[in-house]
Amino acid sequence: MMKDKELRGKLQSLGLPTDGQRKELEERYSSYRRFIQAKLDEGSCLTQTELRIAFLRQQKHLATALRTAAAPITNTLTFLASGPSGWGSKLGGSGRDSAAAASSHAALIADTKRRKEEQRRLQQQQQQKEQ
């Protein structure tokens, strides 16, 4: 388990907001990883920056939809819909921030692909043993 500082650093390196309580940070990071994994499973050809922007837009859209439906809104969703100081301001960012996010994002994608390939290899080995 990462410490708060490590978690905030990881989110920052990915170009994601670092505001909020620990539970919000963990949910944000987990949601981002699930989003990236789903896009990789779909065979998406989007760049790292495009994937990050798509994730941020999806989260903002979700927050807006829940708010307008008068559903109970958690602290995380309140943050997502908080306007200029929240998720929306992270879509741009400086060149340095974008480069760091792209580098960290590339590492995340490479690690995910590596783990998927290892899982496939192990499944193939298991199938060969069963035959």
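For Lys10, the lysines whose Cα comes closer than 27 Å to its Cα, not counting residues fewer than 8 places off in the same chain, are Lys23, Lys39, Lys60, Lys90, Lys113, Lys116.
In this structure region 1-65 gives 59 Å² per residue of accessible area when probed at 1.4 Å with all protein chains present. Largest accessible area first, the residues Phe55, Phe35 order themselves as Phe35, Phe55 under a 1.4 Å probe with ligands, DNA and RNA left out. Computed with a 1.4 Å probe over protein heavy atoms only, the accessible area of Arg121 comes to about 100 Å².
The values are calculated or read from the model by the stated rules, or taken from the named source; none is laboratory data. No experiment lies behind these values; they were computed from the predicted model shown. Protein only, heavy atoms only, side chains kept; ligands, DNA and RNA dropped before computing areas. Shrake-Rupley method; radii C 1.70, N 1.55, O 1.52, S 1.80 Å.
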